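The values are calculated or read from the model by the stated rules, or taken from the named source; none is laboratory data. Bear in mind the structure is a predicted one, so any value in this text is a computation, not a measurement. Glycine gets a Cβ as well: all are built from the backbone with ideal geometry, and neighbour counts include every protein chain shown. Each accessible area value is taken on the protein alone, full model and side chains, heavy atoms only, with ligands, DNA and RNA left out. Shrake-Rupley method; radii C 1.70, N 1.55, O 1.52, S 1.80 Å.
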Amino acid sequence: MKIVVLVKHVPDAAADRTFHEADHTTDRVGVDGILSELDEYAVEEALKLAGSESGEVIALTMGPEGSADAIKRALQMGADSGVHVVDDALHGSDALATSHVLAEAIGKIGEVDLVLTGMASTDGGMSVVPAMLAERLGFAHIGFVGEMSVDGGTVRARRDSDVTETVEAATPAIVSVTDQINEPRYPSFKGIMAAKKKPVESWSLADLGVAAEQVGLDAAWSQVQSVTKRPERTQGEVVTDDGDGGIKLAEFLASRKFI
Amino acid sequence: MTALNPLQLLGVDHLLDDEEKAIQETVRRFVDDQVRPHVAEWYEHELDADTVRQLAREAGKLGLLGMHLEGYGCAGTNAVSYGLACLELEAGDSGVRSLVSVQGSLAMFAIWKFGSEEQKQRWLPGMASGELIGCFGLTEPDFGSNPSAMRTRARRDGSDWVLDGTKMWITNGTVSDVAIVWAQTDDGIRGFVVPTDTPGFSAPSISKKLSLRASVTSELVLDGVRLPADAVLPEASGLRGPLSCLNEARFGIVFGAVGAARDCLHATLEYARDREVFGKPLSSFQLTQAKLADMTLELQKGFLLAMHLGRLKDDERLDPRQVSMGKLNNVREALGIARECRTILAASGITLEYPVLRHANNLESVLTYEGTSEIHQLVIGQALTGESAFA
């Protein structure tokens, strides 16, 4: 079984996140980046599925130079190889362009059985790329999966949303997984040391036959006009219990429509 | 965040390569997930055997046990990576670092370095995975800094060996599957691989400790323990054997102590920022800042010293006297930092809500084990003067 797992290098939420002043795109160069935490679940699931069927796991990312770190993390966890699509023209690409490029990259990787992704990126948080990618590739798509198995050419998955459904699809399929599906492993020291020797290919847009004008900020369907920093978190409201604490709490929760 | 990380003021991260950083980060996460949430509880009620076994298995999964050894299921990292792992473990608790040090650098290292191929095959893979736990018996009730006078004796009986004696202050003893025991023989001191289920072997734990409570400390009692001829470590004879093991463990402590100090300083910086005294943050007082600055200096100097020794070790140029310098300085300074931090945390500092007095109490043991500060002073003194002042 050949599994491609999509990994994204995102600014570390623990550090200050900023936007480029000129074009309001996310600053991905001057900040500490990490493998999007939600993607770790996809990597873990890919490793588990591949492990039980002696499969192959390929980590695929698109992004500037530093984003190869996301691939490295996946390799340290146990993925077999990596593909990094890197090209200056990609700067500012929206989800449509991203799905276009990733679809071409998956096509170039060749016959794959499964594409696994996290349920969202922890920076953009749109959750649309898996569906777009499925449409472009003509693959089945199962989103927000909390449990899955593969048997022969069939993916069986539990999809968690307002209702819980169990669905099946024929491979090749794209599955996005939630943080309920597993507990991602720490990379073992052997994994960390082995990762250095695993192959990572760098592909440009030309390698994929994608024209520069189809991607990037100029081709994006929407552009950010302005950015305002979220106001500092204010001190919470302290309710003193003078015998009516419960009522005050209930009133507060009702005013915020929690109850 | 940057302003809060006392180890980054000198940008020491640049001294590490990507692999070393990844290993350090992995251990930090392991400690955050599996040690930090429980360590106060372990300390309050002392660590039980099941928890030690569980912890060892988790550490084994990561590759922490015997991580710097090659083959037999060990990860085979460099020495700096091993040091960084010790640093992160000890930022959690010195007792947890002790578990890993004793397993990897004392018990496993002794077998790996001085054992027969059969001994290595039998014990090392299980010890690397954490399924088997090891301990190291050198110190005795009456012989600490002068192990050459030990009373534990191994005598020949036919081809068998029979061991009698008592070992003291043995980390992991009670929970061990295998003990490396050093004993006098007619041919000088030899090491023995003792399965702990051998008749005559017992390992009662030492309780009522005020230090290293998140670690099992035991006595080993050897009462006519009969072992086959092949239980002896073939490649070690004389004190050089156990002392070279101690040198390995001591190297980890040079880094580990920095971790304990860093954790104290972290907690203290946060506390000083949030705590208001006389209507303003404790961190805004000059005396507080002077303490913080001095501690940060010592912390970073200690880390640089550890890194220097680590690079020497990876170059195979590390001299035991240099390790003595590292241990003497870094444990002493770490203990000083822990105590100074306690003064900033004031009364809060004496509780298990904060790590500082726990670290300080632990470091009292670390100051003594693996060569006391005084012995390391004598090692350095001898190197400087040519005069041995040990006795």
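When you count the other C-beta atoms within 10 angstrom of each residue and take the mean per peptide, A:66-76, B:209-219, B:30-40, B:292-302 line up highest first as A:66-76, B:209-219, B:292-302, B:30-40.
Scalar couplings 3J(HN,Hα) for segment B:182-187, obtained by applying the Karplus form with A = 6.51, B = -1.76, C = 1.60 to θ = phi - 60°, are 9, 8, 6, 10, 5, 9 Hz; x denotes Gly and Pro. For segment B:286-351, the carbon plus sulfur part of the accessible surface works out to 54%, probe radius 1.4 Å. The trypsin sites (Lys or Arg not before Pro) of segment A:146-204 that meet both conditions, a loop assignment by DSSP and at most 11 other Cβ atoms within 10 Å of the site Cβ, are A:197. Once backbone amide H atoms are built at 1.01 Å from N, residue B:168 has B:139, B:140, B:220 as its partners under 5 Å, excluding neighbours fewer than 5 places away on the same chain. Cβ screening of chain B for cysteine pairs under 4.7 Å finds these without a partner: B:74, B:86, B:135, B:245. Per-peptide packing, taken as the mean over residues of other Cβ atoms within 10 Å, places B:87-99, B:60-72 in the sequence B:87-99, B:60-72 from highest down. For segment B:69-185, the solvent-accessible area of protein heavy atoms averages 29 Å² per residue (probe radius 1.4 Å; ligands and nucleic acids excluded).
Can you tell me the 0 to 90 degree angle between the C-alpha axis of helix B:286-314 and the longest principal axis of chain B, rounded to 10? Approximately 40 degrees, to the nearest 10.
Close amide-amide hydrogen proximity is noted between residue A:124 and no other residue 5 or more places distant or on a separate chain, at a cut-off under 5 Å (H modeled in the peptide plane; Pro and chain starts excluded). What angle do you read, to the nearest 10 degrees and between 0 and 90, between the alpha-carbon axis of helix B:49-62 and the longest principal axis of chain B? The helix B:49-62 is inclined about 80 degrees to chain B. Each chain gives up part of its surface: A and B jointly bury about 1400 Å² of accessible area, both sides summed, for a 1.4 Å probe. Using the alpha carbons alone, the radius of gyration of chain B stands to its Kirkwood radius in an Rg to Rh ratio of 0.98. Rolling a 1.4 Å probe over the protein heavy atoms leaves residue A:179 with an accessible area of roughly 70 Å².
Taking amide H as placed 1.01 Å from N in the peptide plane, residue A:83 has its amide H under 5 Å from the amide H of A:59, A:60, A:61, A:201, each at least 5 places away in sequence or on another chain.
Among the residues of segment A:66-82, those with an accessible-area drop of 30 Å² or more from chain alone to full protein complex, heavy atoms and 1.4 Å probe, are A:72, A:73.
What residues in segment B:45-72 lose 40 Å² or more of accessible surface when the other protein chains are added to their chain alone (1.4 Å probe)? In segment B:45-72, residues shielded by partner chains: B:62. Counts of other chain beta carbons within 10 angstrom of each beta carbon in peptide B:12-19 average 2. Listed values for segment A:169-183 are Karplus-derived 3J(HN,Hα) couplings in whole Hz (6.51 cos²θ - 1.76 cosθ + 1.60, θ = phi - 60°), namely 8, 7, 6, x, 9, 10, 10, 9, 10, 8, 7, 8, 6, 6, 10, and x replaces Gly and Pro.
Taking only protein heavy atoms and a 1.4 Å probe, the accessible area of segment A:2-219 is 47% carbon and sulfur. Rounded to the nearest 10 degrees, what's the angle between the helix A:68-77 long axis and the longest principal axis of chain A, both from Cα atoms, 0 to 90? Rounded to the nearest ten degrees, it is 90. Based solely on its DSSP helices, what 222 nm [θ] is calculated for chain B when runs of n ≥ 4 H residues each add -39,500 (n - 2.57) and the sum is averaged over all residues, nearest 500 deg cm²/dmol? Result for chain B: -17000 deg cm²/dmol, rounded to the nearest 500. In the context of the full set of protein chains, residues of segment B:240-385 present 44 Å² of accessible surface per residue (probe radius 1.4 Å, heavy atoms only). Taking GluC sites (Glu not before Pro) as exposed when DSSP calls them loop (any state but H, G, I, E, B) and at most 15 other Cβ atoms lie within 10 Å, what is the longest stretch of chain A free of them, the sites themselves excluded? That gives A:112-231 as the longest site-free run. Which pairs in the list A:108/A:197; B:120/B:209; A:198/B:313 are over 31 Å apart, alpha-carbon to alpha-carbon? Over 31 Å apart, Cα to Cα: B:120/B:209. For segment A:116-259, the per residue solvent-accessible surface stands at 66 Å², with DNA, RNA and ligands left out and a 1.4 Å probe. Phi angles of segment B:131-137 translate, via the Karplus equation with coefficients 6.51, -1.76, 1.60 and θ = phi - 60°, into HN-Hα couplings of 5, 10, 10, x, 9, 9, x Hz per residue; Gly and Pro are given as x.
Counting Cβ atoms of other protein chains within 10 Å of each Cβ in A:200-206 and taking the mean gives 0.
Ignoring aspartates and glutamates fewer than eight residues from residue B:208 along the same chain, the ones with Cα atoms less than 20 angstrom from its Cα are B:41, B:44, B:46, B:48, B:50, B:93, B:140, B:142, B:219, B:364. Cross-link partners of residue B:113 among aspartates and glutamates, defined as those whose alpha carbon lies under 13 angstrom from its own and excluding same-chain residues fewer than eight positions apart: B:70, B:235, B:248. Interface burial in segment A:178-192 reaches 50 Å² or more for A:186, A:189, A:190, A:192, comparing the full protein assembly with the chain by itself; accessible area from heavy atoms with a 1.4 Å probe. When the helices of chain A are scored as -39500 (n - 2.57) per DSSP H run of n ≥ 4 and the total is divided over every residue, the value at 222 nm lands at -8000 deg cm²/dmol.
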